[in-house]
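The values are calculated or read from the model by the stated rules, or taken from the named source; none is laboratory data. Every value quoted in this text rests on a predicted model; they were computed, and no experiment measured them. Counting neighbours? That spans all protein chains shown, and the Cβs are built from the backbone with ideal geometry, glycine included. Ligands, DNA and RNA are excluded from the accessible area calculation, which covers all protein heavy atoms including side chains. Shrake-Rupley method; radii C 1.70, N 1.55, O 1.52, S 1.80 Å.
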Amino acid sequence: MTTKFISIEGIAKRYPASQGPGATTIFEDLWLSMPSGEFGCIIGHSGCGKTTVLNILAGLDEPSEGTVIVDGQAIAGTSLDRAVIFQSHALLPWLTVMGNIAYAVSSKWRKWDKTKVRAHAQTYIDKVGLTGSEHKRPSELSGGMKQRVGIARALSITPKIMLMDEPFSALDALTRGTLQDEVRRVTLETGQTTFMITHDVDEAMYLADKIFLMTNGPGAVLAEIVENPLPRDRSRIDLHKHPHYYALRNHIIDFLVTRSKTFTATTPHHDPRHVPVIRPAFTEAPTMPSLHSATR
Amino acid sequence: MIKSLRFRAAVVSIAIFLAFIGVWHLATRQTASVGTMSPEYAKLMGLTATSGKSAMPGPLDVGAKLWEHLKRPFYDNGPNDKGLGIQLGYSIGRVGLGYLIAVIVAIPLGFLIGMSPLMNKALDPFIQVLKPISPLAWMPLALYTIKDSSLSAIFVIFICSVWPMLLNTAFGVAAVRKEWINVARTLEVGTFRRAFTVILPAAAPTILTGMRISIGIAWLVIVAAEMLVGGTGIGYFVWNEWNNLSITNVIIAILMIGVVGMLLDQILARFTRMVTFPE
Ligand SMILES: Nc1ncnc2c1ncn2[C@@H]1O[C@H](COP(=O)(O)OP(=O)(O)OP(=O)(O)O)[C@@H](O)[C@H]1O
Ligand SMILES: [Mg+2]
């Protein structure tokens, strides 16, 4: 927590109320920071504003208040340094797999000639295991393959930050597992800073270094930052054998099931600038509520 | 199964066609007795009536005449006697020119309207008023200002084909999926490149649908416009042959108008299929 590569500083998002004057506040005074190379997951109930936060980070949306600072500079609009993997994969259906990735590559390196662009795109197609499908259209691909193209497209522009909005939620468990492995491998390899939205607790536990817990909207707040106590060389298969596994899992699930609703009411002195950082760990009774006041 | 369906449909089509020809033949073969016809009308219709033959040509007459036309479609014996090919050529040329100008105007303007909510709102009242005007209503104004009948016909084609293209382009552009625009935005693609690499291909099927509607309307309107302005063209030909009381030629012209209209539609349908993408 020494350097702040990404620093979200007091952002708010409001929409005009659907009837009458005033505005609906989705969230307010949200502070969040991440050092370079870290993998952060944000978890919260539907409608609390996760996508909004991610879109603001991407530069696709603007906060009503506050700023986002990346690498020492306030962001203004989108950037090739921040790649987005969309929930709906958002492939351009009139282009082939190669065409979709080459479009991104040639957008980043505008002076490259066609052969160079294609060669570069090909390495990323190979990396996500789509060799042989270069000339297929998105409509000819399965859901998992489409999402792989989306991942390859984001990786191909070698961004400093990867932003993922529930990238795997539409996939079957088996495909999801392999893609999680690939994402973890690639992000560890490249040292990219990654910010991901998920609804899947196990996914967050496997991938994330830090898990950001958001309360229910409207007026959502960042309630806690959970540090992942599992070792860095964890594997998806025997995650659950780790002694801290259940402590971590129960803590998150307990938050989602009960505390996310009541947090604002029961924690009047919550300071959004200094959100408690918690590191759930194995104790004699891992499911006991005493965990909530664990290590600061 | 599909093949057999196609085959059966073709058989039914041919049967309907033959039945139609047969009924037509029988209906026109009958000798209409001169007595039942009013003498004035009989005089007006001349030989066809008095020789005891029906005034309405039968399929064999039309077929023979059609064969004659097809053998020499491009002859030119002065202003009132030109080959069918020449007349159709004039009409297609006018439609092509008016349509092309409409494409050049409607597609960029449609892009502007689709991409800018301000222009959309600002131009909407004009479009709402101008769109329902029958294209032929412009004719006197066009003749007065342009002072050239052929150019006036082209103007009328322009004005009737511009609206469907304009509205479809604006709609197609405005309805491009936000996620595709977001892809271009995250890749820092400039406005101009975005218009050509994302918006144009995404809106192309809608734009082409508008273009297909337009070519159909243009072909409908050209016949009426040429009847009004006269001189050349298939519309003028129909009117001229009516004045010559050559119903055979009128029927042939009607047939040709149908065939050319179908071909124009098929060409646009093919282009539409080329730009349509499965999702
Ligand atoms: N254009 C808009 N106008 C008004 N309200 C909006 C608009 N866009 C989003 N919202 C509201 O903002 C809130 C947060 O939306 P957001 O998409 O960020 O939720 P989310 O946390 O990503 O939910 P999910 O998990 O279902 O994806 C929602 O309650 C939604 O109704
Ligand atoms: Mg969302």
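Residue-wise test of (1) within 10 Å of chain B (Cβ to nearest Cβ); (2) touching a Leu at 6+ places or on another chain (Cβ under 7 Å); (3) of a type outside the set (S, T, Y).
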{"site": "A:T67", "(1), (2), (3)": "no, no, no"}
{"site": "A:V70", "(1), (2), (3)": "no, no, yes"}
{"site": "A:Q87", "(1), (2), (3)": "yes, no, yes"}
{"site": "A:L92", "(1), (2), (3)": "yes, no, yes"}
{"site": "A:L95", "(1), (2), (3)": "yes, no, yes"}
{"site": "A:N100", "(1), (2), (3)": "yes, yes, yes"}
{"site": "A:A104", "(1), (2), (3)": "yes, yes, yes"}
{"site": "A:S107", "(1), (2), (3)": "yes, yes, no"}
| request: Take region B:184-195 and flag every residue that is among the polar types (S, T, N, Q) and open to solvent by 20 Å² or more (accessible area, probe 1.4 Å). | output: B:T191
| request: Of all residues in region B:248-277, count the ones that are open to solvent by 40 Å² or more (accessible area, probe 1.4 Å) and touching a residue at least 60 places away in the same chain (Cβ under 8 Å). | output: 4
| request: Take region B:149-183 and flag every residue that is free of Cβ contacts under 8 Å to residues at least 24 places away in the same chain and either crowded, with 22+ Cβ neighbours inside 10 Å or within 14 Å of chain A (Cβ to nearest Cβ) (or both). | output: B:K178, B:E179, B:W180, B:I181, B:N182, B:V183
| field | Only listed residue being within 14 Å of another protein chain (Cβ to nearest Cβ) and either of a type in the set (D, E, K, R) or crowded, with 17+ Cβ neighbours inside 10 Å (or both), chosen from B:V221, B:V198 | value | B:V198
| Could you count how many residues in region B:201-218 are within 14 Å of another protein chain (Cβ to nearest Cβ) and either aliphatic (A, V, I, L, M) or in contact with a His (Cβ under 7 Å, 6 or more places away or on another chain) (or both)? | 5
| remark: For region A:148-169 the number of residues that are within 14 Å of chain B (Cβ to nearest Cβ), within 16 Å of ligand 1 (Cβ to nearest atom) and of a type in the set (A, V, I, L, M, F, W, C) is 2
| remark: Those residues of region A:116-153 that are in a loop (DSSP other than H, G, I, E, B) and either hydroxyl-bearing (S, T, Y) or touching a Pro at 6+ places or on another chain (Cβ under 8 Å) (or both) come to a total of 4
| said: Can you pull out every residue in region B:110-132 that is in contact (Cβ under 8 Å) with a residue 60 or more places away in the chain and either hydrophobic (A, V, I, L, M, F, W, C) or more than 21 Å from B:T209 (Cα to Cα) (or both)? | reply: B:F111, B:I113, B:M115
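Among what's in region A:53-65 and is away from chain B (no Cβ under 14 Å) and over 20 Å from A:P159 (Cβ atoms), pick the residue that is nearest to the chain's Cα centre (by Cα).
First, the residues of region A:53-65 that are away from chain B (no Cβ under 14 Å): A:53, A:63-65.
Applying the additional criterion that residues be over 20 Å from A:P159 (Cβ atoms) yields A:63-65.
Values: A:P63: 18, A:S64: 22, A:E65: 22 Å.
It comes out as A:P63.
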| task | Filter region B:228-279 for residues that are within 14 Å of another protein chain (Cβ to nearest Cβ), acidic (D, E) and assigned to a helix (DSSP H, G or I) and give the result. | result | none
| query | Conditions: (1) crowded, with 18+ Cβ neighbours inside 10 Å; (2) free of Cβ contacts under 8 Å to residues at least 40 places away in the same chain; (3) not polar (S, T, N, Q). A:R137 meets all but one. Number of the miss? | reply | (2)
| query | Would you say A:D181 is more than 15 Å from ligand 1 (Cβ to nearest atom), open to solvent by 10 Å² or more (accessible area, probe 1.4 Å) and away from chain B (no Cβ under 14 Å)? | reply | yes
| field | Which numbered condition A:P229 misses (of (1) touching a strand residue (DSSP E or B) at 6+ places or on another chain (Cβ under 6 Å); (2) closer than 24 Å to A:W31 by Cβ; (3) of a type outside the set (F, W, Y)) | value | (1)
| message | One residue is enough: does region A:172-190 have a residue meeting the conditions within 16 Å of ligand 2 (Cβ to nearest atom), closer than 18 Å to A:Q87 by Cα and under 16 Å from the mean Cα position of the chain (by Cα)? | response | no
| task | Go through the residues of region A:116-133 one by one and say whether even a single one is touching a residue at least 40 places away in the same chain (Cβ under 8 Å), buried (at least 22 other Cβ atoms within 10 Å of the Cβ) and in contact with a helix residue (DSSP H, G or I) (Cβ under 6 Å, 6 or more places away or on another chain). | result | yes
| Going by the structure shown, is B:F171 of a type outside the set (D, E, K, R) and either closer than 30 Å to A:T78 by Cα or more than 26 Å from the chain's Cα centre (by Cα) (or both)? | yes
| remark: Taking region A:31-60 and the residues there that are more than 8 Å from ligand 1 (Cβ to nearest atom) and open to solvent by 40 Å² or more (accessible area, probe 1.4 Å), the one that is nearest to A:K13 (Cα to Cα) would be A:W31
| query | From the set of residues in region A:11-30 that are more than 9 Å from ligand 1 (Cβ to nearest atom) and touching a residue at least 60 places away in the same chain (Cβ under 8 Å), which is most open to solvent (accessible area, probe 1.4 Å)? | reply | A:E28
